[in-house]
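Below is one structure, written out as structure tokens, with a few remarks after it.
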Amino acid sequence: MKLSDKILKYRKRVIAMLHDVFWCIACTIISFSLAYGDLLFFSHKKLQFFSIILITSTIQFLCLNLSGLYRGIWRFSSTHDLLNLIRGVIAGVSFSALGIFLFNRLLDVPRSFFVIDWLMLVVTLGGGRLGYRILREYLGVRATNGDVLIRSIIVGAGAAGEQLVRDIRRTPDLRTRVVALIDDDLEKRNKSLHKVSIVGGVSDLRQAVKEYGATRVYIAIPSATSSQIDRIVKSCRDTGVEFKTLPPTKDILLGKVSIEQLREVRPEDLLGRDQVELDNKSIKDMVSNETIMVTGAGGSIGSELCRQVASFSPRKIIFFEMGEFNLYQLEQNIKQKYPDLNYEICIGDVRDRNSIEAVIKEHTPKVIFHAAAYKHVPIMENNPKEAIKTNVFGTKNVAELAAKYKVDRFVLISTDKAVRPTNVMGATKRVAEMVCQEIQGSNPETKFMLVRFGNVLGSSGSVIPLFKKQIKMGGPITVTHPEVTRFFMSIPEACQLVLQAGAIGNGGEVFLLDMGKSVKIIHLAKQMISLHGLTEDDIKIKFTGLRPGEKLYEELLLDGEDTLPTVHPLLKVAKHSGSPCSVNEIVQTLTSQEGDSVNSFKMKLKKLVEDYDYFIEKEAEVGLLIDRADSLQ
């Protein structure tokens, strides 16, 4: 990059630096004038004034730079920036005193000079930043009082709401004016925030929108619970105006709110889950400067795992995936976010042992995250043979080769559907768990961890994309049963906890992710309708009945399992007795035979997973029904 291009890119920082250099020099001159009480002090022969200017201004500027002052943004200057400035000035004046002492033993330099110089620097450098901020806010207020297109109301007069008011004022291009604030805190009623009145609570929102002619509502309560957000959203919907929210992150409360963070309210905002806090040190120790392999790298979970692993600066990531287009999408995303990441794209199938072995042997990964699996319940019900090949034998291939080449950690992504399964997908994932537990027993050098969690919002095949599509088409939204419930978690949250489990596991554990409270699908459907500004009169809800293999509710623990806490509050370890079958028994039982039908594969799974309550496709097959009845006795 050319020098001119660099100056253009960092022009605001360069201007700030030039401003400070000017005042460092000017304050030195003014401070000497005041200390001497004479404007012609520089004529003193022994003072060597111009050398002292060079020493003081250079040292002071370097100290200001090291204090982090130039990483701040003038228009958002705060008390934190002022403290940085004061620290920089104290260091600058102190070290410049030392520099002058080494230069000429402070000959003819009044001691009062340093006190005056410190005061002058704080006033001039701090005043310049304060003046710029005041000017920007004044211009922003004038602009928003002029040609206003959007009159907005902010729900929440706390820290996030206060910063949002200021941010809107500083951004005149938005052509937005905050006309009122809403907050349920009675102590804030009839008061004002930056000259904007707090006019009532959430229950008064509809009246406030009408009275002030508002056309948009901003929800600025990042700490709100799901029930509070649900109530606010219903009130917003009743007003008939557009509404947006701020993401529930700690950054908002730490002063990092920006208008760009405003977005549509999402279904996950209504689930009431706390933000996941990670033990980043343990994850960094596992990932940093190491080779990591992710199977099923192009899937919903796999691709997010790759992105999160990339953030911990691994030596290399191996993307193993059979879908070319999925790999292409992942690569484009990774290139954009992590341009310096070292990665290897490997197209292959976990069912192909030779393909897997070649990759593991060549790259010798330290950690393998095994996310490759068939997971769609209704499709796998009619294709149990393929589910067994991928979910069981594919897992066996990767796990055995991980042990063979002494991979340090192997993390299997499992599912809550593996607990008392009623479908092929869940049964095969339970057998995959058994395979890993058995391999762990004879291979202590590799630590095998199993992680169970429920549905992830936004993953391929989940209800959210389906509901969005159905609403876009005008309905109806299809729900299998009015009482069906599911555990939900966002994809990033699930992957963060998978990384955490992999980092803290000692081998052989079954980790359970705290999924919070289960959510009724009918409730989720109603929320989706509400978030689109519609009612159940606009979009009908149709019940289609439970599909083959589908449960009313999901579980995370098997009979006889209990949980133990871990160092992370959202991770539990299931106490289990291990696998009742050897790997050879599993292979012999599930190996395909000529003439095997859909039902016979289900019966084979039943022999391995005793609590598998399978669904027979053709109830008229008397022999199969008798076998089923015998096996359940």
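The values are calculated or read from the model by the stated rules, or taken from the named source; none is laboratory data. As the structure is a computational prediction, the values presented were derived from the model and not from experiment. FYI the Cβ positions are ideal-geometry reconstructions off the backbone, even for glycines, and counts take in every protein chain you see.
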State whether one or more residues within the range 11-34 are surrounded by fewer than 17 Cβ atoms within 10 Å (Cβ to Cβ), modelled with pLDDT under 75 and not in a helix (DSSP H, G or I). no
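Collect the residues in the range 284-318 that are of a type in the set (S, T, N, Q), within 15 Å of Ile491 (Cα to Cα) and out of contact with any Ser or Thr (no Cβ under 7 Å at 6 or more places or on another chain), keeping them in residue-number order. Talk me through it step by step, then tell me what you get.
First, the residues of the range 284-318 that are of a type in the set (S, T, N, Q): 288-289, 291, 295, 300, 303, 308, 311, 313.
The next check asks that each one be within 15 Å of Ile491 (Cα to Cα); those that pass are 300, 303, 308.
Matches in the range 284-318: Ser303, Gln308.
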So, Thr446, is that one closer than 26 Å to Asn280 by Cβ, polar (S, T, N, Q), modelled with pLDDT of 90 or more and crowded, with 19+ Cβ neighbours inside 10 Å or not? yes
Tell me which residues, restricted to the range 435-451, are out of contact with any Leu (no Cβ under 7 Å at 6 or more places or on another chain) and not in a strand (DSSP E or B). Val435, Gln437, Glu438, Ile439, Gln440, Gly441, Ser442, Asn443, Pro444, Glu445, Thr446
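When residues of the range 472-513 are filtered for being touching a residue at least 60 places away in the same chain (Cβ under 8 Å), of a type outside the set (Ser, Thr, Tyr) and not in a loop (DSSP other than H, G, I, E, B), how many remain? Steps first, please.
Start the filter on the range 472-513 by keeping residues that are touching a residue at least 60 places away in the same chain (Cβ under 8 Å), which leaves 474-505, 507-513.
Checking which are of a type outside the set (Ser, Thr, Tyr) leaves us with 474-477, 479, 481-484, 486-489, 491-505, 507-513.
If we keep only those that are not in a loop (DSSP other than H, G, I, E, B) as well, we get 477, 479, 486, 488-489, 491-504, 510-513.
Of the residues in the range 472-513, 23 are touching a residue at least 60 places away in the same chain (Cβ under 8 Å), of a type outside the set (Ser, Thr, Tyr) and not in a loop (DSSP other than H, G, I, E, B).
For the range 353-365, indicate whether the set of residues that are surrounded by fewer than 16 Cβ atoms within 10 Å (Cβ to Cβ), touching a helix residue (DSSP H, G or I) at 6+ places or on another chain (Cβ under 9 Å) and either modelled with pLDDT under 95 or within 24 Å of Phe448 (Cα to Cα) (or both) is non-empty. Walk me through how you get there before you give the answer.
To start, the set of residues in the range 353-365 that are surrounded by fewer than 16 Cβ atoms within 10 Å (Cβ to Cβ) comprises 354, 358, 361-362, 364.
The next check asks that each one be touching a helix residue (DSSP H, G or I) at 6+ places or on another chain (Cβ under 9 Å); those that pass are 361.
Filter once more, so that each one left must be either modelled with pLDDT under 95 or within 24 Å of Phe448 (Cα to Cα) (or both): 361.
Yes, the conditions are met somewhere in the range 353-365.
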Among the residues of the range 281-315, which ones are surrounded by fewer than 19 Cβ atoms within 10 Å (Cβ to Cβ) and in contact with an Asp or Glu (Cβ under 6 Å, 6 or more places away or on another chain)? Arg315
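Check every one of the helices (runs of 4 or more DSSP H) wholly within the range 539-633 and list those with 1 or more residues that are more than 30 Å from Val479 (Cβ to Cβ) and modelled with pLDDT of 65 or more.
Numbers: elements: 583-590, 598-608, 622-632.
So the answer is 583-590, 598-608.
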Wholly enclosed helices (runs of 4 or more DSSP H) of the range 315-384 bearing at least 1 residues within 15 Å of Leu305 (Cα to Cα): 324-337
